[in-house]
Amino acid sequence: MPRSYAGRLIVGAIVCHASLLVAARPAAAQATIKVNDDVNLRFGVLGQVQADTIEDPGTHAQTSMLFGGQVAKNVTFFVETDSANLGRTVNAAKNIPSTTIIQDAYGEFKTSDAFAIDAGLMFVPFSRNSVQSAATLLPIDYGAYTFSQSAPTQSSTGRDTGFQVKGYLANNHLEYRLGAFQGARDARSHRTFRYAGRAMYNLFETEVGFFYTGTYVGKKKVVALGAAFDKQDDYHAYDGDLFVDYPTGPGAVTLQFDYNRFDGATLFATLPKQNDLLLEFGYLISALRLTPVLQFSRRDVIDLSTGDEQRWSLGLNYWWAAHNANIKAAFMRIDPTGLARQNEFTLQLQFFYY
């Protein structure tokens, strides 16, 4: 079968408050512009270079620029731009340059650890996988069905515009997030708002910050249980997830399980009732700085004979310098019910500093 080749490039500058990215990284001084005790800019860089081969076209590339800062005591902001499919070749035409869009653009006012308000364009608080930082994922990419509701809800890869409150209770072990978002609007914007909420409890070490981490590369002991909902009119979705990152033996185990139930009902007829599963497992061999990775995802459409699909991939990560510099390779099998199977091989180089 014919093969297509495409690259993925994510290169950007990160200027943000320390709470915006939570990643396992060696301690180091940051490039900082300090105006006064309450105003500062912090600089970093995230780069991902990715090459795919797949039996049919379907790969993509993108470039992102990220920046943010603190403008007053406990008032921060974060912005990310994205040039989707940069460098992708479709019908013999290379997508250079591509259209640049805003992915994230929100501000946060924090009164205490127990209460903060976020406003703008941001990740909707749903599954753990859908709120993870792309810089800290265990496999190369998010789960295949993690953002199944994005297109019907007029979202951008899990992001929507609105407000949310969030905070940490019980010595930061219990996190809550609750928000109201635009969702899909009708011609006169009379439709009700979209509401989403999430709660998570950490049994051992705590996690704070807007983005979740996909793996701590053996640096933390984390066992987190989460649950969430997402609703607009008669559309509703539910999530239950488990995350484990725990040093044991000569390395550390990383495990993630997400269960999502989507039902577009009459509002989103293009989103049939379905059960989606995501499983990720990896074991860090510390002495070699290697992590073999398994990722499995499945979409089970209810009461329909079409649409079911499952994907599994086997990969190997080399943590040259944890999340600061690593190389990931993975082979994936895509198996849609009633259609031909596909094989995909992906190689990614990441460099990250913040």
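The values are calculated or read from the model by the stated rules, or taken from the named source; none is laboratory data. Predicted model, so just to flag it, every value in this text is computed and none were measured. For neighbour counting, all protein chains shown are included, and Cβ atoms are generated from backbone atoms with ideal geometry for every residue, glycine included. These area figures cover heavy atoms from the full protein model, side chains too; ligands, DNA and RNA do not enter into them. Shrake-Rupley method; radii C 1.70, N 1.55, O 1.52, S 1.80 Å.
Could you compute the net charge surrounding Tyr235? Neighbours are other residues with a C-beta less than 11 Å from the C-beta of Tyr235; K and R count +1, D and E count -1.
0
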Report task. Using a 10 Å cut-off on Cβ atoms, rank the peptides 282-294, 327-339 from the highest mean neighbour count down. Result -> 282-294, 327-339
Query raised in the report: When the Cα atoms of segment 110-213 are enclosed in a convex hull and the volume is divided per residue, what value in Å³ results?
Result: 106
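Can you give me the % of accessible surface on segment 286-327 that is carbon or sulfur? Probe 1.4 Å, all protein chains present, nothing else counted. Present the calculation step by step, with values, prior to reporting the outcome.
Numbers: 1350 of 2220 Å².
In segment 286-327, the share of accessible area belonging to carbon and sulfur is 61 percent.
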Query - Amide hydrogen neighbours beyond the local backbone of Tyr235, cut-off 5 Å, H modeled - result: Leu267
Report task. In Å³ and rounded to a whole number, note down the convex hull volume per residue for the Cα atoms of segment 222-275. Result -> 66
Report task. Rounded to whole Hz and in sequence order, give me ³J(HN,Hα) for segment 156-172 from the Karplus expression 6.51 cos²θ - 1.76 cosθ + 1.60, θ = phi - 60°, writing x for Gly and Pro. Result -> 10, 6, x, 9, 9, 8, x, 10, 8, 10, 8, x, 10, 10, 6, 6, 6
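For segment 147-258, what is the per residue volume of the convex hull drawn over the alpha-carbon atoms, in cubic angstrom?
Numbers: hull volume 11.8 nm³, N = 112.
Measuring per residue, one finds 105 Å³ for the Cα hull of segment 147-258.
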Report summary line: Summing +1 per Lys or Arg and -1 per Asp or Glu among the other residues with Cβ less than 12 Å from Pro247's Cβ gives +1
**Report entry** Accessible surface, per residue, of segment 226-354 when the full set of protein chains is kept, probe 1.4 Å, Å²
**Finding:** 46
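If you take all C-alpha pairs in segment 222-354, what percent of them are over 25 Å apart? Could the numbers behind the result be given before it?
Working: 3690 of 8778 pairs.
Considering segment 222-354, 42 percent of its Cα-Cα pairs are separated by more than 25 Å.
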